[in-house]
Amino acid sequence: MQPAQPLDFSSAIAAFESHLRAERNASPHTVAAYARDLRALDAFLRERKGLAECAPVPLIAADVYSLRGHLGVLARTHAPPSVARKLAAIRTFFRFLVDRGHLACSPADELASPKARRPLPTFLSVDAAKEVVECATAADGPVGARDRALLELLYGAGVRVSELVGLDLGDVDLGAGRARVLGKGRKERLVPFGDAARDALVEYLAARPALAHPRTGALDPKALFVSVRGRRLPVRAVQLLVRAYGARGAGRADLHPHALRHTCATHLLDGGADLRSIQEVLGHASLSTTQRYTHVSVEHLLRVYDGAHPLARARPRG
């Protein structure tokens with residue numbers, strides 16, 4: 001393929017953002033994160049080459065040595081997983097430029113990923129999860145009913161917080177006990193939920209009209225979860241209330257919605273669910289992501305050992 005019209009770095013980043021939105025259907029969060037990482041590289045190259053602030057940075061300025069220098073600077077203030085994520089953005093960007101004919105080859109292909117041990121997921125015990133979820137009740141009014149329902153879905157269905165706040169009224173099938181969520185890459189999937197979540201949702205939906213704006217009476221006609229002003233509940237509000245209920249129910253003021261998702265997956269594995277089924281519920285693109293939970297699900301492994309190994313049966317575990 002003949003090289004296309006040369007681009008400067010700023011124009012290339014803009015073209016890459018359009019590609020992510022239009023062709024890869026990436027979420028706004030992903031597009032913003034990639035653009036932020038690439039603009040940081042643009043600024044580094046501008047300074048390294050001694051270019052004026054308004055001068056365009058040519059793509060050829062990004063050779064493997066410049067990229068290594070940029071990653072070295074990042075490593076001084078960022079943890080290895082963060083550097084690895086930024087490197088992934090840079091690699092994807094240069095692959096895009098090669099595919100479009102703007103570069104003959106990618107300078108990022110010669111870079112090695114920083115070695116980082118991925119931390120194990122944070123999760124709660126069954127009793128602690130129960131305490132957190134049951135902190136919120138319909139007895140506390142419409143807000144309590146709402147909070148109980150969303151906690152039941154975060155833990156019972158393992159949905160991401162972005163998926164939770166994106167739910168519309170029509171996405172929930174109470175009869176079938178399932179919800180249609182829009183996950184990463186705008187991929188739809190159906191997630192099941194149990195009787196506890198169904199009962200909580202029934203109570204919340206009966207109380208939901210009381211969350212209309214106190215002055216105007218406005219109430220979002222589509223959003224499942226709304227604020228006390230009748231608007232769709234934002235991610236930040238869910239993060240704050242999970243932290244509050246975590247402190248009240250489990251003494252965990254650091255609890256976050258994703259920890260409830262991790263807890264759901266771990267308890268499913270402990271209960272005998274296979275990894276493929278858990279992958280489908282959580283919406284993981286790769287089974288390797290789901291396999292992280294095998295490292296924290298020791299109780300299930302011990303139960304299997306106790307029930308199967310002859311020495312375990314001969315001498316009960318103390």
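What follows draws every value from the coordinates through simple rules; no lab data is involved. Note that the coordinates shown come from a computational prediction; the quantities given were computed from them, not determined experimentally. Cβ placement follows ideal geometry from the backbone for every residue including glycine, while neighbour counts extend to all protein chains displayed.
Taking 0.36 nm per residue of sequence separation and removing the Cα-Cα distance, the His29/Asp63 pair yields an extension gain of 9.4 nm. Each peptide among 233-239, 54-60 gets the average number of other Cβ atoms lying within 10 Å of its residues, and from highest to lowest they stand as 233-239, 54-60. Label point of Leu205 set 7 angstrom out along Cα-Cβ; within region 118-157, amide nitrogens under 20 Å from it belong to 137-139, 141-157. Residues whose amide H lies under 5 Å from that of His102, counting only those 5 or more places away or on a different chain, are Ala4; hydrogens are built 1.01 Å from N in the peptide plane. A cut-off of 5 Å between modelled amide H atoms, ignoring neighbours fewer than 5 places along the same chain, links Arg178 with Asp173, Phe193. Quick check on region 131-256: take the gyration tensor over C-alpha atoms, sort the square-rooted eigenvalues as a ≥ b ≥ c, and tell me if it's rounded (a/c under 1.5), prolate or oblate. Here region 131-256 falls in the rounded category. Computed across region 195-293, the Kirkwood hydrodynamic radius from all distinct Cα-Cα pairs reaches 15.9 Å. For a test of the definition: using alpha carbon positions, the gyration tensor, and the 1.5 limit on a/c, classify region 9-110 as rounded, prolate or oblate. In terms of gyration-tensor shape, rounded. One quarter of the convex hull surface built on the alpha carbon atoms of region 90-197 amounts to 10.9 nm², the projected area averaged over directions.
Rounded to the nearest 0.05, the FRET efficiency derived from the C-beta distance between Cys105 and Leu275 at R0 = 45 Å is 0.75.
Distant-in-sequence amide contacts of Leu233, defined by a placed amide H-H separation under 5 Å and a gap of 5 or more residues or a different chain, comprise Phe225, Val226, Ser227. The GluC sites (Glu not before Pro) found in region 13-119 that occupy coil by DSSP, while having at most 13 further C-beta atoms within 10 Å, are Glu23, Glu53. Taking region 150-170 and a reference point 7 angstrom along Cα→Cβ of Lys222, the backbone N atoms nearer than 13 Å belong to 166-170.
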